[in-house]
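For reference, the structure is listed below as structure tokens.
Each value in this text was obtained by applying a stated rule to the coordinates, not by laboratory testing. Remember, predicted model here, so these are calculated numbers, not experimental data. Because the Cβ atoms are built from the backbone with ideal geometry, glycine has one as well, and the counts that use them run over all protein chains shown.
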Amino acid sequence: MSFHTDSEDDDVVSEINMTPLVDVMLVLLIIFMITVPVLTHSVNIDLPRASNQPNVVKPKTITISITQTGQVYWNDVLIDQQQLDQQLTQIAAQQPQADVHIRGDKKVDYEFVMVVMAAAQRHGVQKLGFITEPSA
């Protein structure tokens, strides 16, 4: 008579065998350890040293204000059209050219702003911008 015990049971093993995975990972690690020094090899060159630093000249900012009546202010100084033309000619000739910001009154006629913009374009001013109030 034969007895059947649980130890003789042929159950399927449901766990993954990790040994082949570890073997492959170790081989890859060894390969990378061998190839990394080869990749970082380069020719030794004594590079020259730069001693000067670039001169960064920040251009000044000019504010042209236009009132509701059409009066033009150059950095808070009242000027006429002839003085505006002279100032814009000087600004256009400077290197680097100054930033010109136009600040117009909320109720100014568009015609007055266009006169200043046309004068700036005519004299060759490259950097022209507008100043506005942010909405609340």
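Kindly check whether there is at least one residue in segment 107-121 that is closer than 30 Å to N55 by Cβ and assigned to a strand (DSSP E or B).
The answer is no, given that none of the residues of segment 107-121 is closer than 30 Å to N55 by Cβ and assigned to a strand (DSSP E or B).
Among the strands (runs of 3 or more DSSP E) contained in segment 42-91, which hold 3 or more residues that are out of contact with any Cys (no Cβ under 6 Å at 6 or more places or on another chain) and under 13 Å from I102 (Cβ atoms)?
Here the list reads 61-66, 72-74.
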**OP:** Mind listing whichever residues of segment 67-87 are touching a residue at least 12 places away in the same chain (Cβ under 8 Å) and in contact with a strand residue (DSSP E or B) (Cβ under 8 Å, 6 or more places away or on another chain)?
**Re:** T67, V72, W74, N75, D76, Q81, L84, Q87
**OP:** Residue by residue through segment 81-136, note down the ones that are of a type in the set (G, A, S) and farther than 13 Å from S65 by Cα.
**Re:** A92, A93, A98, A118, A119, A120, G124, S135, A136
Subject >> Scan of segment 86-120 for residues that are more than 17 Å from T61 (Cα to Cα) and surrounded by 12 or more Cβ atoms within 10 Å (Cβ to Cβ), ordered by number >> reply: D105, V108, D109, F112, V113, V115, A119
